[in-house]
Each structure stands twice: as structure tokens, then as C-alpha cells.
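Inspection log for the structure reproduced underneath, given as C-alpha cells.
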Amino acid sequence: MTAPELANEPLVVPPVPPTRRRRIPGLRLFTMTAGLQRVTLIVGLGLVALFVFVAIFAPLIAPYGLAQNSSDGVAFVAQQPPSGQHWFGTSVRSEDVLSRVIFGARTALLVIAISLVMSLVVGVPLGLVSGYIGRALDRVLVLFMDAIYAFPTLLLAIVVSIVVAGGQSSSFGGVLSASVAITAIYVPQYFRVVRNATVAVKTEPYVDAARVTGASTTRIMFRHILANVTQSLPVIVTLNAGDAILTLAALGFLGFGIEPTQAAEWGYDLNKALSDVSNGIWWTGIFPGTAIVLVVLGLTLVGESLNEVLNPLLRTRRTLSPATVASDSLGVGTDTDAEKDVPAAELTAAELDLVGEAERDGTTDADREGQAR
């Protein structure tokens, strides 16, 4: 081949493999929401993020200690209204209410984290074993969990807290006793959810294939089944986190919570503020109560939003845009476009029946409108 021919020969460039773009974690969650649902999710995440930020940096944000009642050798005035020195006022114990509220967020976060982790560690494996193995073990575990689940939750938390605490008044002992008390409430919930899902999927073809290839029972349960039965756990964890705060506040309100000099607790502060209400002292009870409401509201909004996104039965269905409807009426749109706007997986059974009837009749909306005219 001569030089001119080599110059005219087209240059073949080897194809460059497409680079996989890294997505921001959780970004797909926002793309699956729209309208009021997205606003609800953003508000809930904002409240939860604020709660976590305050809890982590409580020693840096709080102006005083959690049980501090004096500064520079000068004692605080008891039940002082909000002022420049004490933004949320002082309590009957001469403690700064703002500092108690901030440190109460740290206590609530510790109890939530410990209780939910222990609930998952205990409830999920028991649900897997009970649902997959079955037989007598399944009957015994189901009977035991149902007995715990039928017990009044607050009374169960009080009994477990008394047994675990054992008279300990330390900060760790109080947090641990409250966490174990809340764990006893939530273990049956995770057990029942995972057990029922395991019973439903253990006869699937991929489980049979893993069993035929000689995989062990432990590998099948924790490698093949676990990932397919825990899809609803994030929703339950988020909702239980809000309920855990209410249970912790109830324990502190009844006097079974944490020692007030060891850790700040919103329920205990509300109990001490009961006598202040009749005297017109509102700040000792309003601010801890508002903190409980905001945190529980944020966790509930996140949980409900996740439930609507992750649950296919409650997922918000996409509707056809006005432009698509206009193009369909003019005969411009195609069947492929319509399928992109409304995925078949997101249609209900009634909607699928209507689509099937329309296909069998061979008529369109325009034809039926013309017949009506």
C-alpha cells in the first residue's frame, strides 16, 4: 500500500468503554418522589438532620452543662423566664432549660441507636431461622414472640428497665436499661416481618437452585434470602425510631428513666414541669415537649415517605403529562411513548383489566368518542 493510500485510509479508533458514573447516595430516592411527597421527605430529613447534628455536637452547642445550676460562682435563679442569659429560661432545679433540651437530644439518639441495632441483631436472624427451618422450632419461636407482642408495650418496658437497671444510676447504666427495654418491644416486630417474608421466598427457584448446588443452610439464609426479605426494614426502623423516643419519654416521665444528674432526658423534664403549669410557668414544659414533637414528626415523615416510595402498592403512580395527552388525542404519540409514561409494573389490576379490554375491542378513546357522537 502506497503512502497516498495510507493517508486516505480511515483511522479506526477502538471503542472506549463507557465510564460508570457515580451517583450520589440517596439521590434516586428524590427522583422517585414528586410534589407533596417530595416536600414531606425533605422536611422530614431536615428535622432528622437537625436532631442528629444537635445530638452529636451537644457539648459545643449547649451554653451550660446538663446539670449546671451556677456560673462563675453565681447560682442561677430558679424558674427564671427566658432572657438573654438563659434563652429558654431555667427550671425548678435552677438548670438551664436550653442546655437540658440540647443534651436530651444526645440521650435520645444514643437510646435509639442502641435499641434499634440490638433489635435488628436479635429479631432478623431469629426470623430467618424460624421461617426457613420451620417445624417445631418455628412454632416455639412464633408462640414466644406472640406472647411478648401481646404484652402491653409500656408495661413491658417498665419491667425490663427495672430488671436491667438493678439500681444503677450511672449514665451508661441508665441508657443501657432504657435501650434494652425498648429492644424487648421491637424484637417481635422484626421477627414477624422477616419470618413471614422468609416463608414466602424460601420456595423460589433461586433458593432451590442454591440448595441443589450444595450450598449450606447458613449460606442460603444469609446470602440468598436475607437481601430479599429486608426491603421493608428501613421503613420499620424509621417509624420505630420515632416510637422509641416516645417510649423513652414515657419511661422518664414515670420515673423509670435515667438519673437526671447523669443524663438529660425530655420525659423527666416534662414530669418536673407539671407543677409549673398551674403557676403560669410555661417555658419549663413547652421546650422539651416541642423537641419531642419535632423529632417524632421528622422521623414519621421520613418513614411515611420511604413507605410510599419503597412499597409498590403505595407508590405514587405517574400520570400522563398534558402534552402527552394532547399528542395521543391527535394520533401523534405511539404505544412505546405511552408505555414509557405509565409503566405496566405501576398499574393496578383494575387498570390492567381496562387496558386488556381496550386491546381486545381494538378501539381507542378517539373511536369511542366518535361512536358516542
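The values are calculated or read from the model by the stated rules, or taken from the named source; none is laboratory data. Predicted, not measured: the structure shown is a model, and the values here were computed from it. Glycine also receives a Cβ, built like all others from the backbone with ideal geometry; neighbour counts cover every protein chain displayed. Quick note on the areas: whole protein, heavy atoms, side chains included, nothing else; ligands and nucleic acids left out. Shrake-Rupley method; radii C 1.70, N 1.55, O 1.52, S 1.80 Å.
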In region 88-113, which residue that is touching a Leu at 6+ places or on another chain (Cβ under 7 Å) and assigned to a helix (DSSP H, G or I) is farthest from Thr217 (Cα to Cα)? Ser99
Can you tell which of Asn8, Asn69 is modelled with pLDDT of 80 or more and more than 27 Å from the chain's Cα centre (by Cα)? Asn69
Which one of the conditions (1) open to solvent by 90 Å² or more (accessible area, probe 1.4 Å); (2) closer than 22 Å to Glu304 by Cα; (3) modelled with pLDDT under 70 does Arg23 fail to meet, given that it meets all the rest? (2)
Just the residues that are in contact (Cβ under 8 Å) with a residue 12 or more places away in the chain and either open to solvent by 70 Å² or more (accessible area, probe 1.4 Å) or closer than 19 Å to Leu126 by Cα (or both), please, taken from region 208-222. Thr217, Ile220, Met221, Phe222
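Quick grid of which residues meet (1) open to solvent by less than 20 Å² (accessible area, probe 1.4 Å); (2) under 16 Å from Val97 (Cβ atoms):
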site	(1), (2)
Ala227	no, no
Pro234	no, no
Asn240	yes, no
Leu248	yes, no
Phe256	no, no
Pro260	yes, yes
Gly267	yes, yes
Leu270	no, yes
Leu274	no, yes
Out of curiosity, is Ser83 exposed (fewer than 13 other Cβ atoms within 10 Å of the Cβ), within 25 Å of Trp282 (Cβ to Cβ) and modelled with pLDDT of 85 or more? yes
What about Ile286, is it of a type in the set (Val, Ile, Thr), modelled with pLDDT of 85 or more, open to solvent by 30 Å² or more (accessible area, probe 1.4 Å) and within 18 Å of the chain's Cα centre (by Cα)? no
Scanning region 102-135 residue by residue, the ones that are over 29 Å from Pro288 (Cβ atoms), open to solvent by less than 10 Å² (accessible area, probe 1.4 Å) and among the hydrophobic types (A, V, I, L, M, F, W, C) total 1
